[in-house]
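Report on the following structure.
The values are calculated or read from the model by the stated rules, or taken from the named source; none is laboratory data. On a predicted model such as this, the values are computed, not experimentally measured, just so you know. In this analysis, Cβ positions are derived from the backbone assuming ideal geometry, glycine residues included, and neighbour counts consider all displayed protein chains.
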Amino acid sequence: MKALIIGGGPAGLMAAEALTERGIRPLIAEAKPTLARKFLMAGKSGLNLTKDEDPTAFAARISDPRIRALVRDFGPPEVQKWAIGLQQTLFTGSSGRVFPVGMKASPLLRTWAARLSGRGAEVRTRWRWTGFRGQTLTFDTPDGTQDLAPEVTILALGGASWPRLGSDAAWVPWLADKGVGLAPFRPANMGLAVAWSDRMAPHLGQPVKGAALSAAGRTVRAEFVLSARGIEGGGVYELSAPVRDGAPLTLDLAPDLDRAELTHRLSRPQGKQSIGNHLRRTILPDPVKLALFLEWGRPLPDGPAALAALVKALPVRHQGPRPLAEAISSAGGITADALTDELELKALPGVFAAGEMLDWEAPTGGYLLTACLASGRHAGLVAARRL
């Protein structure tokens, strides 16, 4: 066997794409009954392929310099061209995010799998990698244990988020035993846990719109959702990495109004109104925003100026990240020092790695998927040159 790819997600399939373009017919071993289950699940609410923005600015959102360089080579323009080659008609939303017109991942995946098969790639599902036996790789398959000794191997097994879909990080001890450097997995693009008081019950499940979140010197204006377990959604995910690492998170409930204007409005006579009604009538007519202010702002300060300052920088009182298994992606995995510049494992010559197995992270919005595709493509190209 010349080329083995372990993992049938976007990174593994893109590695297969690069190999088959050069006449090499890889075997793709996938533990689950079907390919790319996390890719399909992520596409249920709309398959965000990439983001139509300047490639350099796009790449800057990737945490690791090595992956960043790969995204500069295979970034938003190249991902769009690739998808169009798979018979996908694309459109760009107002935020710059790029989607197939049909929105779903399954049509693209079917066409992609058919193209790879037509080029000679072989897919074996329910083939679960169980580690090494000497120099061979061992699999638990429907036909019993199988040992393979390919000339090159590409590992694309995902990280540690959404383990029920296949990214269960079972491979960590096997690579550790071989001397591969690994960083502990941590949640990325995750929600934050909040212990709500009973008075928040009517607002759970509601979106928070027209607000801005800030952490580590960065401000994001995007909506998020109050769930029974905390807060989640695009606005939270954008800042989840610095917050996970200890940065305070604040919420501006009135980003279109400055403190002076808020102070002026709050200076109107309160009369016999409760403070809640006074806030609602002057600056916070949205019941969800008002509820959040009363939840996280108590004890409320005295005076219009102090209240205005709190509205502009309300501390988000959370209990840290939601569990890794619930995160959209993960940080951690194979460290940069364990890899050559060509994504080859220094401890295992001829074995390459790609995708979320590597220690990098990126926000949602097309960055994650584009980087997985770019790293898989690079691993496939290097493996093809090696062969």
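Which of the residues belonging to the stretch 25-45 are exposed (fewer than 15 other Cβ atoms within 10 Å of the Cβ) and within 18 Å of the chain's Cα centre (by Cα)?
Matches in the stretch 25-45: Met41, Lys44, Ser45.
What helices (runs of 4 or more DSSP H) lie completely within the stretch 1-119 and have 1 or more residues being over 27 Å from Glu342 (Cβ atoms) and touching a residue at least 40 places away in the same chain (Cβ under 8 Å)?
37-42, 106-118
Of everything in the stretch 96-129, what is in contact with a helix residue (DSSP H, G or I) (Cβ under 8 Å, 6 or more places away or on another chain) and polar (S, T, N, Q)? Give them in sequence order.
Ser106, the sole residue that qualifies.
Every residue, every condition in (1) farther than 23 Å from Val194 by Cα; (2) basic (Lys, Arg); (3) assigned to a helix (DSSP H, G or I); (4) in the same structural domain as Gly46 (by TED's automatic domain parsing), yes or no:
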| position | (1), (2), (3), (4) |
| --- | --- |
| Thr219 | no, no, no, no |
| Ala241 | no, no, yes, no |
| Ala247 | no, no, no, no |
| Leu251 | no, no, no, no |
| Asp256 | yes, no, no, no |
| Arg265 | yes, yes, yes, no |
| Gln273 | yes, no, no, no |
| Phe293 | no, no, yes, no |
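Any idea which of (1) closer than 25 Å to Gly233 by Cα; (2) buried (at least 18 other Cβ atoms within 10 Å of the Cβ); (3) out of contact with any strand residue (DSSP E or B) (no Cβ under 7 Å at 6 or more places or on another chain) is the one Pro76 doesn't satisfy?
(3) is the only condition that Pro76 fails.
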